[in-house]
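Working notes for the structure below.
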Amino acid sequence: MTSTTPSETGATLRRKTTSAQIVDLLRERILGGDLPEGTQLRQEKLAAELGVSRVPVREALHQLEAEGLVTLVSHKGAVVSGLSIDDLEETYEIRAQLEAWLLEQSMPLLSEQDYARAEALVAEMEGDPRDESWSELNWRFHAALYAPANRPRTLELVHKLYRNAYRHFPLPIRLTGGRERMNREHRMLVDLCRKGDVDGAREHLTTHILLGARTLISRLKALRHKEAAKDGS
């Protein structure tokens, strides 16, 4: 059995910490859309950019591969992964189940302060014309209703699913024709929660998520079909 010296242990811990920081940084860039689907991530370039060795970069890319955010390709290194239409549909189905459960757990614990925060976010969405800010405001609205459930792991998982799905929808198709409808549905959700109608709130939330997904995915299919036809011409 080999022993590890304190200096070796310290180096390992520092490398793991560096690797974790790189994972967080790259994950944020991928989910935020700064590194779109198909972007090539070269270990050497990333190491030079971040001022680290290739070892923690390689570890970080393997972690991101395990999360499904990158694909390691021979002779190409890592490439930012995409989601197929089927993957996107499944992602929204998972979200609908988890978010309905979170809301059910949260409803008995929602305070007037929680409702005021949610309603203020709806008002902000109604008054902010910038499409690029809507996705974040939308998440903050939903999170305000789920947070009292005190299920941080589930909430974090749902947030990752939310961001991973949204990064695949180009900005122009995210809100076309749907902003007013979604704001109405948000206000109705708050009203159902205030009334204590658990079944009604769950059903409304599930429909809100899945119908919204159907609209987005339909637009994405049309966009991909148009791009494929253009490439083939």
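Roughly how big is the stretch 110-233's charge dipole about its Cα centre, with Cβ charges of +1 (Lys, Arg) and -1 (Asp, Glu), in debye to the nearest 20? Don't skip to the answer; put the middle values down first.
Details: 22 positive and 18 negative charges, 121 e Å.
Once rounded to the nearest 20, the dipole reads 580 debye.
Measure off, as a whole percent, the carbon and sulfur share of the 1.4 Å-probe accessible area of the chain, all protein chains present. If you can, show how the numbers build up before the last one.
Working: 6770 of 13190 Å².
Within the chain, the accessible surface is 51 percent carbon and sulfur.
In whole Å, what is the distance between the alpha-carbon centres of the stretch 190-233 and the stretch 107-121?
The distance from the Cα centre of the stretch 190-233 to that of the stretch 107-121 comes to 24 Å.
Rounding to the nearest 10 and keeping the result within 0 to 90°, find how far the Cα-based axis of helix 131-146 lies from the longest principal axis of the chain.
80 degrees
If we count every other residue with Cβ under 14 angstrom of Glu156's Cβ, Lys/Arg +1 and Asp/Glu -1, where does the sum land? The partial results should precede the final answer.
On the way: positive: Arg27, Arg95, Arg151, Arg153, Lys160, Arg163; negative: Asp24, Glu28, Glu67, Glu99.
So the surrounding residues net to +2.
Please list, in order along the stretch 69-74, the HN-Hα scalar couplings obtained from phi with the Karplus expression 6.51 cos²θ - 1.76 cosθ + 1.60 (θ = phi - 60°), rounded to whole Hz, x for Gly and Pro.
3J(HN,Hα) across the stretch 69-74, in whole Hz: 8, 9, 10, 8, 10, 4.
Label point 7 Å out from Arg184 along Cα-to-Cβ: which residues of the stretch 113-134 have amide N under 16 Å?
Residues passing the 16 Å test: 126.
What pairs from Lys45/Lys226; Lys195/Lys221; Lys76/Lys230 go past 30 Å between their alpha carbons?
Details: Lys45/Lys226 34 Å; Lys195/Lys221 38 Å; Lys76/Lys230 26 Å.
Distance filter (> 30 Å) returns Lys45/Lys226; Lys195/Lys221.
Which value in deg cm²/dmol, rounded to the nearest 500, describes the helix-derived mean residue ellipticity at 222 nm for the chain, given -39,500 (n - 2.57) per DSSP H run of n ≥ 4 and division by the residue count?
Values: 10 runs with 172 residues, N = 233.
The helix contribution divided over the chain gives -25000 deg cm²/dmol.
How compact is the chain by the rule of thumb for globular proteins, expressed as Cα Rg over 2.2 N^0.38 Å? It would help to have the intermediate numbers written out before the result.
Details: Rg = 20.9 Å, N = 233, 2.2 N^0.38 = 17.5 Å.
It is 1.20.
What residue among Met188, Met107, Met125 has the largest mean-square fluctuation in a Gaussian network model of the chain, using Cα springs under 10 Å?
Checking each option, the largest mean-square fluctuation is seen for Met188.
Please give the contour-minus-distance gain from Glu28 to Glu112: 0.36 nm per residue of separation, less the Cα-Cα distance, rounded to one decimal in nm.
Numbers: separation 84, 0.36 × 84 = 30.24 nm, distance 3.26 nm.
So the extension gain works out to 27.0 nm.
What does the charge dipole of the chain about its Cα centre add up to, to the nearest 20 debye, if the Cβ of each Lys and Arg holds +1 and the Cβ of each Asp and Glu holds -1?
Values: 33 positive and 35 negative charges, 124 e Å.
For the chain, the charge dipole is close to 600 debye.
Quick one: Karplus J couplings for the stretch 92-97, per residue in order, coefficients 6.51, -1.76, 1.60, θ = phi - 60°, nearest Hz, x for Gly and Pro?
For the stretch 92-97, the Karplus-derived couplings read 5, 5, 5, 4, 4, 5 Hz, x marking Gly and Pro.
Using Cα atoms only, what is the angle between the long axis of helix 152-166 and the major principal axis of the chain, expressed in degrees (0 to 90) to the nearest 10?
90 degrees
Zone of Ala123 (label point 7 Å along Cα→Cβ, backbone N under 15 Å): which residues in the stretch 175-211?
Correct set: 187.
Label-point separation (nm) for Gln105 and Asp199, each offset 7 Å from Cα along Cα-to-Cβ?
The modelled label-to-label distance comes out at 2.3 nm.
Over the chain, what is the relative contact order in percent, taking alpha-carbon pairs closer than 8 angstrom and at least six residues apart? Display every interim value, and only then the final one.
Details: 206 pairs, mean separation 49.6, N = 233.
After rounding, I find 21 percent.
So what is the accessible area of the chain per residue, in Å², with the probe set to 1.4 Å? Walk me through the intermediate numbers first.
Working: 13190 Å² over 233 residues.
Here the residues of the chain average 57 Å² of exposed surface.
The values are calculated or read from the model by the stated rules, or taken from the named source; none is laboratory data. Computed from a predicted structure; not experimentally measured. Virtual Cβ from ideal backbone geometry, glycine too; neighbours counted across all protein chains shown. With ligands, DNA and RNA removed, areas are computed over all heavy atoms of the protein, side chains included. Shrake-Rupley method; radii C 1.70, N 1.55, O 1.52, S 1.80 Å.
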